[in-house]
Amino acid sequence: MSILVGKDTKLLVQGITGGAGSFHAKQMIEYGTNVVGGVTPTRGGEKFEGKVPVFDTVSQAVKATGANASVIFVPPPGAADAILEAFDAGVELVICITEGIPVVDMLGVRRVLEAAQAEARASGAKIPRLVGPNCPGVITPGECKIGIMPGHIHKKGNIGVVSRSGTLTYEAVGQLTALGIGQSTCVGIGGDPVNGMDFVDVLELFQADPDTHGVIMIGEIGGGAEERGAEFIRTKMTKPVAGFIAGTTAPPGKRMGHAGAIISGGKGTAAAKIAALEAAGAKVAPTPSDMASTLKSMMS
Amino acid sequence: MKIHEYQGKQVLAKYGVPVPKGYPAFTVDEAEAAAKRLSSETGNQLVVVKAQIHAGGRGKGGGVKVAKGGAAEARQLSEKILGMQLVTHQTGPEGTKVRRLYIEQGLEMAQELYLGAVIDRDARRIAFMASTEGGMEIETVAAETPEKILTVHVDPVNGLMPYQSRELAFGLGLMKYGKETVAKFVRLMASLYRAVLEEDCSMLEINPLVVLKNGDVMALDAKISFDDNAEFRHKSWAELQDKDEEDPVELEAKDAGLNYVSLDGNVGCLVNGAGLAMATMDIIKHAGEKHGVAPANFLDVGGGATQEQVTKAFSMILKSPKVKAIFVNIFGGIMKCDVIANGVVAAAKELGLKVPLVVRLEGTNVELGRKILNESGLAIQAASTMADGAQKIVDAVTKGGAGK
């Protein structure tokens, strides 16, 4: 098993005819991901790479293919629209890679998503989920790669990875694989201030997944997602969690690459997040080179 | 992106938020003319001369002065303020040079309030905060007397509702000025909410918002930051940007599509990905703190950078006089290692490599990238891991006798 994505995932690619969309659609197909269709408005009826059908709308694509996941490569001006279109068409898992979506747009998306999730919880239906935006995606090694991560560094196994940063996720995965430790699923939740799945949501799934035996959680400065994750670890998590927080040396008030990576009003510092994780029983790697070895030391 | 107070007030006025009359001035002559014009328009000799810099705390730093004697006094004050190095708690000890003034009408105030709007990341809503502690830093109020801050969260479907604004108005005690004042406050809030949404403000602060003796409410200050992600739908922002307020190197990087932040240290860093770039700074500091080795910059070349962008990025580091060693740390995903290698080699050949260079390459096309570096003839130390790279950097700076 694994979380979020696997052999049963039937994937749509929104923005499949664009530069990033087409490049990564090919890479995902090559990895073995079941890409059942693409969506580009006005390009319906075409075939991508001679075999993947392209649709004008997500709704048409879902009806024709039975897709249950969608990955979004639509540029920022249309990205929030693309996310909402996917949920409206009944897609359960939407993964948005796009970087640079205005935060006001994401507030609207969150509002719709939260209402849909509350409805699903009340009726016992499958809960719709958004991963990202501004994230590398989700991979279950050997089964399904959705996003832009380099597939070859991963190895099938039992460690879950959840991270706000793309390249730091690769760093952690590279370290794990070098130690011969495989991964169950790796989830990039993205570097934006308002996003979909949070650390808590992903940790909850890892805790419930019998094939995940331990977790690496990678946070960074800004916001309170790491602190909420730490609270979940303290109260609900029985599996070992190793952490790393990037930005110990980041100056306050400066946006460090990610829109969400900013210390404002003295809040969101690395020191506060590290303290919260340690108080919750997680072990925080002293340097980014020690993420995998720190988790290994906790696994017996 | 931040803008000046007078620009913020122009934005707010567009949405119907009451603001005092005022005119910006770039010279002492313009300041005097503005004061004259204001006095004749308002029939009041009293004007305020306000330094326009992006940092807060201008009043305490001596950047805001009241001229009671009209245009002549306004001129004298302007001579003092224009060109001064204004030091506030937000500028750092070196201060910021005052290049613009705002000459504003004086008002008869009854009370100063605080009003702010932010994106509340945890609640995923726009939050409005109001407080009777106008003129104080809101962080101080939040720390010392949090009960004095009233907050409402806006549901994006309905937008800000009048009842929420009334809650704030009654909570602030505005009924003591009469129901007209409450109504004026509610109207002002509606205008503010529209401004936040339509202008893509990530932060909007009015400190103070004032109640005048006649019962009007007015924005006496305006501090606005825009959400950089929304730049594509705001062509007007280009005109509002004051390049004098920005770090020139950061501006140069932004124009080249790079994320760059200047820091105080001596190790230039070129990294792909924001998280990895921060982690690289952290590990350099961790390894080098005792030896006076620290990062000189944050630089994320991003995932889709071209060879030209990498060349530009590496050139910027090479040109920095404070850089005593360079650490290139790449974990290629979308970014291919050969693109990085070619960019580094091109920049080094053009500008010459006078400081030690440590390179750690991993991920997509790593073999090709290493081959390009090996065959370049440049003196490059290869690192196997981030930790190894950081140690090599510390050794290079300390043993190289390059100083601090």
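Please work out whether the stretch A:1-80 counts as rounded, prolate or oblate from its C-alpha gyration tensor, where a ≥ b ≥ c are the square roots of the eigenvalues and a/c under 1.5 means rounded, while otherwise a/b larger than b/c means prolate and anything else oblate?
Numbers: a/c = 1.40, a/b = 1.34, b/c = 1.04.
Judged from the Cα gyration tensor, the stretch A:1-80 comes out rounded (a/c under 1.5).
Can I get the semi-axes of the stretch A:261-300's equivalent ellipsoid? Compute them from the C-alpha gyration tensor as square roots of 5 times the eigenvalues, in angstrom, largest first. Kindly include the intermediate steps, with their values, before the conclusion.
Values: eigenvalues 118, 29, 6 Å².
Square roots of five times the eigenvalues give 24, 12, 5 Å.
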What would the Debye equation give as log₁₀ I(q)/I(0) for chain B at q = 0.08, 0.09, 0.11 Å⁻¹, counting only Cα atoms as equal point scatterers?
-0.57, -0.69, -0.90
Debye sum, Cα scatterers, the stretch A:146-300, no solvent: what log₁₀ I/I(0) at q = 0.11, 0.14, 0.18, 0.19 1/Å?
-0.37, -0.61, -1.03, -1.15
Note down the Stokes-Einstein diffusion coefficient of the stretch B:43-174 in µm²/s, whole number, using a Kirkwood radius over alpha carbon pairs, 20 °C, and 1.002 mPa s.
124 µm²/s
Each label point is 7 Å from the Cα along the Cα-to-Cβ direction; what then is the distance between the points at A:Ser59 and B:Met84, in nm?
6.3 nm
Set of aspartates and glutamates with alpha-carbon distance to A:Lys26 below 13 Å, sequence-local pairs under 8 removed
A:Glu49
Full extension from B:Thr27 to B:Ala379: what is 0.36 nm times the residue separation minus their Cα-Cα distance, to one decimal in nm?
121.5 nm
Sorted by Cβ neighbour density within 10 Å, fewest at the top, the residues B:Tyr114, B:Tyr163, B:Tyr23, A:Tyr170:
B:Tyr163, B:Tyr23, B:Tyr114, A:Tyr170
Using just the Cα positions, wrap the stretch B:236-327 in a convex hull and report its mean projected area in square nanometres, one decimal place.
6.6 nm²
Ratio Rg/Rh [Cα only; Rh per Kirkwood] for the protein assembly as shown:
1.00
Which Rg and Dmax, in Å, describe the Cα atoms of chain A?
18.5, 56
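Let me make sure I get this right: for the stretch B:169-258, a, b and c are the square roots of the gyration tensor eigenvalues over alpha carbons, sorted descending. Under 1.5 in a/c it's rounded, otherwise prolate if a/b > b/c, else oblate. Which is it?
Numbers: a/c = 3.86, a/b = 2.64, b/c = 1.46.
Here the stretch B:169-258 falls in the prolate category.
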³J(HN,Hα), Karplus 6.51/-1.76/1.60, whole Hz, each residue of the stretch B:203-211, x for Gly, Pro:
8, 9, 10, 10, 9, x, 8, 10, 9
So what is the 222 nm mean residue ellipticity for the protein assembly as shown from helices alone, if each DSSP H run of at least 4 adds -39500 (n - 2.57) and you divide by all residues, rounding to the nearest 500 deg cm²/dmol?
-11500 deg cm²/dmol
Measuring from the longest principal axis of the C-alpha atoms of chain A, the long axis of helix A:270-279 (C-alpha) lies at a number of degrees, nearest 10, equal to 80 degrees
Please report A:Lys10, A:Lys273, B:Lys312 as a ranked list, fewest other C-beta atoms within 10 angstrom at the top and most at the bottom.
A:Lys10, B:Lys312, A:Lys273
Please order A:Thr235, A:Thr17, B:Thr96 by the number of other Cβ within 10 Å, starting at the fewest.
A:Thr235, A:Thr17, B:Thr96
If I fit a long axis through the Cα atoms of helix A:166-178 and take the longest principal axis of the Cα atoms of chain A, what angle between them do I get, 0 to 90°, rounded to 10?
70 degrees
Of the convex hull enclosing the alpha-carbon atoms of the stretch A:106-145, the direction-averaged projected area in nm² is 3.7 nm²
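Compute the semi-axes of the equivalent ellipsoid of the stretch B:300-396, taking the square root of 5 times each eigenvalue of the Cα gyration tensor, and list them largest first in whole Å. Can you show the working numbers first?
Numbers: eigenvalues 65, 51, 31 Å².
Computed over the stretch B:300-396, the values are 18, 16, 13 Å.
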When the Karplus curve 6.51 cos²θ - 1.76 cosθ + 1.60 is applied with θ = phi - 60°, which whole-Hz ³J(HN,Hα) does each residue of the stretch B:320-332 get, with x for Gly and Pro?
6, x, 7, 7, 9, 6, 10, 10, 9, 10, 10, 10, x
Along Cα→Cβ, 7 Å out, is where each label goes; now give me the distance between the ones at A:Lys156 and B:Ala238 in nm to one decimal.
5.3 nm
Specify, per residue and in Å³, the volume enclosed by the convex hull of the alpha carbon atoms belonging to the stretch B:134-185.
98 Å³
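Let me know the whole percent of all Cα-Cα pairs from the stretch A:215-300 that are separated by more than 15 Å.
Details: 1964 of 3655 pairs.
The share of Cα pairs beyond 15 Å in the stretch A:215-300 comes to 54 percent.
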List, in the order given, every pair from B:Lys21/B:Lys223; A:Lys51/A:Lys156; B:Lys2/B:Lys184; B:Lys285/B:Lys392; A:Lys156/A:Lys239; A:Lys254/B:Lys2 whose Cα-Cα distance in the structure shown is over 22 Å.
A:Lys51/A:Lys156; B:Lys2/B:Lys184
Taking Cα atoms only, helix A:76-88 is inclined relative to the longest principal axis of chain A by an angle, in degrees rounded to 10, of 80 degrees
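The numbers here are math on the coordinates, done by the rules we state, and not lab data. In this text the structure is predicted, and so the values were computed from the model without any measurement. Note: ideal-geometry Cβ built from the backbone for every residue, glycine included; neighbour counts use all protein chains shown.
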